[in-house]
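The values are calculated or read from the model by the stated rules, or taken from the named source; none is laboratory data. Since we're looking at a predicted model, the values are computed, not measured. Ideal geometry is used to build each Cβ from the backbone, glycine not excepted, and the neighbour counts take in all protein chains shown. Protein only, heavy atoms only, side chains kept; ligands, DNA and RNA dropped before computing areas. Shrake-Rupley method; radii C 1.70, N 1.55, O 1.52, S 1.80 Å.
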Amino acid sequence: MAAVETTYRDAIRQALHDAMRDDENVILIGEEVGLYGGAYGVTKGLIDIYGENRVIDAPISEPAIVGAAIGAAMTGLKPVAELMYVDFIGMVMDQLANQAAKSRYMFGGQIGVPLVLRTQGGTGRSAAAQHSQSLEAWVHHVPGLRLVMPATVNDAYHLLRGALADPDPVVVIEHKGLYTMKGPLNVDVADGAWGEPVIRRQGHDLTLITYSRMLHESLIAAEALASRGVSVEVIDLRCLNPMNEAPLVESIKRNRRALIVTEAGVTGSVASDVSARLSELCFDWLEEPILRLGGEDIPIPVSPQLEKSSIPSATLIADTALWLVTREAPSWAA
Amino acid sequence: MGRLTINLPRLGETMEEARVTAWIVAPNAAFKRGDILLEVETDKTVVEVPALQDGIMLAHLVAEGDVVALEAPIAEIEAHIIAAIAVLGTAKTVPNILPEINYIPQGQPEPVVAASANGIAASPAARAMARQMNVPLFAVSGTGRNGRITANDVEKGQCKTTVVLLHGLFDNHRGWRDLPQRLMQAGHEIANIDLPGHGGLLPQAQDFEDAVQIISQHLSQTLTGTNVIIVGHSLGAALGASVAAELQKLRLISVKGLLMLAPAGLGARINANFMDGMMAASSVTAFKNCLALLEAAPLSDAVLAAERDRLIVQRPAISALAGSAAKDGFQQVNIGPLLDTLKIPVIAVFGLKDQIINWQDCAALPQNIASHFLRDAGHLPHTHAPEFIVRLINSFNTTGLRPEQAG
Amino acid sequence: MTATAQTLQMSNSAPLGRYQTMRRIRSFEERVGELFLKGESAGSMLHLSIGEEAVVGMTDAMQPGDSFTTHHRGHGVFIGRGADPSRMMAEIAGKEDGYCRGKGGSMHIADRALGHLGANAIVGGGVPHIVGAGLTYRNRKTPQISVAFFGDGAMSQGILYEAMNMAALWRLPVVFCCINNQYGMGTRVDRSAGKLDFVARAEAFGLNAARVDGVDVEAVYEAASQIANAARSGTPGFLEIDAYRFYGHARMDKSPYRTVEEEAEGRNRDPLLRARKNVSDLNLASIADLDQIDTEIGAEMDIALAHAISTPSPALATMFGDVFDPSTLQPRPQAARLSAILSEGRR
């Protein structure tokens, strides 16, 4: 089937729709997923097609939503639980990290939890400190949890389908700033295999590794840098667990410089972990330390100006990349 | 009163456009602040657009069913502007997607990445490359950030090796005969130095140690960032070993090897007749007899006379150095312990017919120093077998230093 | 001082004063919606409490020094406790002059001086804090109470029941005040509760519990006074105010999940009109007086709106402040970290 132009939001809905059509065990459970159609409109209309038994509007009881989804997964259903904001993950962390993630292991491989937890994070809407965070590191730290973060329309579809095909708990973190983004969707052809990073732009001066919304800021930056004679390879991680590091290592060995861009605060971030892993693997090929560019280590402020300045922009990414490659210091250099 | 165009406001977090589902206020109808003007359907839900002031609807600019972009004009109204709001003007533009980053970081001392006093700033890639190519890092000048050595620097910076020639006591740079020419033909740069007090640029030395410092500083100033091979003869060999140790500390020059020809500083004795003769001889004949002890090819009388004249002039400047090196037939310098500390390849060459210094002094060499013995050579092995000496010098270029030793 | 302002001061705790406070809430919330439409609000997460103004019955039953926490729909509660609308509106616009210096916004307004321990964007997030406040007042033997304001949505949160149990167990001076506006986001309360008797739930923990009609602020005040007084003497309470959320979850949401008929019926239960009629019936103010009060309050709120728009945004460097106590090590800005790595000529 040929690619069609659609939105990130509709691609996710398409993935849910196709999965529910193909397998009657797939259910949706979460706050406002039914009648309201999802806080961001992702599940709009699905209750009309699949009914209230498969599209379940839950009370505002996040721990029990995830806990119930775990039980359903243990006993044969294929639940897609929705956490309206990733910020609420603190409330469900016990169910996620102590129950879902560890069940297969603690019980000697008997009881797997094929659960998908959909949620969304990120800044850009002045939703303030409790509705704007990038908390993928909390999930990333837990053995037993898979974690994917789609940046493109096609990945929004295929990574969710991949999550549904995975026998273990998978957390899918969408970005609230991408739902209306348009792009091609080809339901037959994924951008890359499950766990594989995808090179979104080729370049030979710098390897820029990123994921989620920062992919788009990074691509804008790479385009701007091309006119300055700096060639940036932009790699989209897509899957944070599982993650095949080989293409990253191969790229860094060629380019000898790497920049990891994330929206999350840098301290304790996934970017920090990826940086450490790649430093270990690419040590003998590096001309510069693998650099991390991320959000400031602060809660997200509500003021639009403060919020915007607290996370990387295309300008900041381009400035930093240029500084790293050509040693041309930006105006904000201290 | 004022005529205003109403644009479609942002009505939801992810809204980029909306479809007009119903106009509530018809053209020419009056409305109050807060009245619903129209309903639109966004990507999420149906939304009401209320009036922000009292007024009269003049015209609908979009029809029911139209899909309207964010901030696009939707209606013309005649507005009754409220005093407190009137001064405020219209809504701001949509936030720029590329924000200016111009904040000034708060005043906190920023940790500076410290370069350790002894460390060489080189990227991991440069270190790996240097290891692979057998290039000592401190011989490479860095062009990277803060002078850091890059892999590229290592690749390009396979710098030429300079052979530093240190002649023996009483001799000068001409004493090497045709060795410099042979070395240049082999592709080496040459620094053929006159020892302190022996003419040339270097100041007079107070003693042996002083001469070591003078030579080391001279080399540091003239050859920083290069590789050198030190070739020393007799006292020049003892000086060369000491200079190599000094350069090893300074880390400005990479010493790739030390070749000692009939080296002084290993044993107890030295030929007192030679020493005394060289310090005292005034006639060409006496000078010739003295030089005969060297077991070298004979010189013409004209050259002998010129050398004697030079020596007579230089004796006062040489005497301090000579006195600190040997006295009454006994050597005053012992380089044995120092050779132990050298981390570079060292080769020693002895002539078995040496009448100035006993070839048996080789017994004082550390075990890891290679020695060659030339059966028919005297105190000047390089004049006896120059081809062989060039081969020994070339061999340093292929052994080189391991970076671990360098760093 | 105008005549109406004098009246306002004199009748602070009386029905007229409550009407004025309710009118201030209504006028304020209307302008929050306008702030958003003008593109001047910090984001769109603006949850209006229009229709729920009878909460003033509870805030009036509190004393100076009492503390409270609110949910994300807490503008009305804070105005009821004496907030400055200009600083509130400035905060909602994300401005430096706001209550939280432009860091918190609509969902995170707080003011320690007025006892506001914080609005919360996590459903149920602020509820347990009153248990801790109650421990403080009990241990220090001060006659204060602490009140948690939350919606019917929080009745589905486990932490609420943990907090209720502790309050009852330790006999703390606290009140759980549920403003039941019938909707948790877009889900009607009967679609989120197996049994709708919230009072029975509270009573099951041993709380002094009551349910009151949220259209009648005087009835709320009466019930709230009894519950607050009991709490002050060590019997924790629960008050459910039965109200109707006139608008959507956020300002512009037209609520497609409910019918036009239901909405019309709900909006008929307008506590503000009821209070106005009550004040008038009791001859506490003439219609003309009330009109004058409404106009003055409208003007006050227009000024708050204008102030919020014109007052400056916080300086960018302020983003690093308030993460930790200012006397301690502050977060390092990223520019400083990158400079330490990439700057030259400093070794």
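Numbers for the structure displayed
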item	result
Sorted peptide list for A:222-234, A:108-120, A:125-137, criterion being average Cβ within 10 angstrom, highest first	A:125-137, A:108-120, A:222-234
Per-peptide average of other Cβ atoms within 10 Å, ordering A:18-31, B:229-242 highest first	B:229-242, A:18-31
Integer Hz, Karplus 6.51/-1.76/1.60 couplings in order for the stretch C:45-50, x for Gly and Pro	7, 10, 10, 8, 10, 5
Inter-probe distance in nm under a simple model that places probes 7 Å from Cα toward Cβ, at residue B:222 and residue C:295	10.1
Residue B:299/residue B:375 FRET efficiency (R0 30 Å; Cβ-Cβ; nearest 0.05)	0.80
Under 5 Å, built H, 5+ apart or other chain: amide partners of residue C:208	C:237, C:238
Shielding by partners, peptide A:58-66 (average Cβ within 10 angstrom, other chains)	6
Per-pair calculated FRET efficiency, R0 = 35 Å: residue A:49 and residue A:189 via Cβ, rounded to 0.05	0.85
Angle in degrees between helix A:153-165 and the longest Cα principal axis of chain A, rounded to the nearest 10	50
Degrees separating the helix A:270-282 axis from the principal Cα axis of chain A, which is the longest one	60
Rg(Cα)/(2.2 N^0.38 Å) for chain B, N = residue count	1.99
Under Karplus coefficients 6.51, -1.76 and 1.60, residue-wise ³J(HN,Hα) of the stretch C:237-247 in Hz, glycine/proline x	x, 9, 10, 9, 9, 7, 10, 9, 7, 5, 10
Ratio Rg/Rh [Cα only; Rh per Kirkwood] for the protein assembly as shown	1.20
Two-decimal log10 I(q)/I(0) for the stretch A:154-260, as the Debye equation yields it once each C-alpha is a single scatterer, q = 0.21 Å⁻¹	-1.17
Cut-off 15 Å (backbone N to label point 7 Å along Cα→Cβ of residue B:28), residues of the stretch B:34-53	none
Helical segments meeting 30 Å axial Cα length and Kyte-Doolittle -1.0 threshold in chain B (DSSP H)	B:301-325
Enclosed volume per residue, in Å³, of the convex hull spanned by Cα atoms of the stretch A:87-146	72
Using distinct alpha-carbon pairs, which all enter the 1/r mean, Kirkwood radius of chain C in Å	21.1
Reach of residue A:102 by Cα under 15 Å, taken over aspartates and glutamates that are not fewer than 8 positions away in the same chain	A:94, A:168
Cα long-axis angle, helix A:246-255 against chain A (0 to 90 degrees, to the nearest 10)	20
Peptide C:309-322, shielding by other chains (average Cβ, 10 Å cutoff)	5
Label-to-label distance, nm, for residues given as residue C:317 and residue A:279 (7 Å Cα→Cβ offset)	3.0
Theoretical FRET efficiency, 1/(1+(r/R0)^6), r = Cβ-Cβ of residue C:344 and residue B:368, R0 45 Å, to 0.05	0.60
Heavy-atom accessible area ranking, 1.4 Å probe, most first, across A:6, B:224, A:43	B:224, A:6, A:43
Simple label model, 7 Å out from Cα along Cβ direction - residue B:328 to residue C:260, nm	12.8
Spatial extent of the stretch C:241-347: Rg and Dmax, with the Cα atoms as the point set, Å	26.0, 82
Residues with amide H under 5 Å from that of residue A:26, placed H, sequence gap 5 or more	A:78
Most mobile listed residue (A:243, A:91, A:106) in chain A, GNM with C-alpha springs under 10 Å	A:106
Rounded Å value of the spacing that divides the Cα centres of the stretch A:252-282 and the stretch C:13-27	57
P(r) tail fraction, the stretch C:207-281 - alpha-carbon pairs more than 17 Å apart, %	57
Shielding by partners, peptide C:326-335 (average Cβ within 10 angstrom, other chains)	6
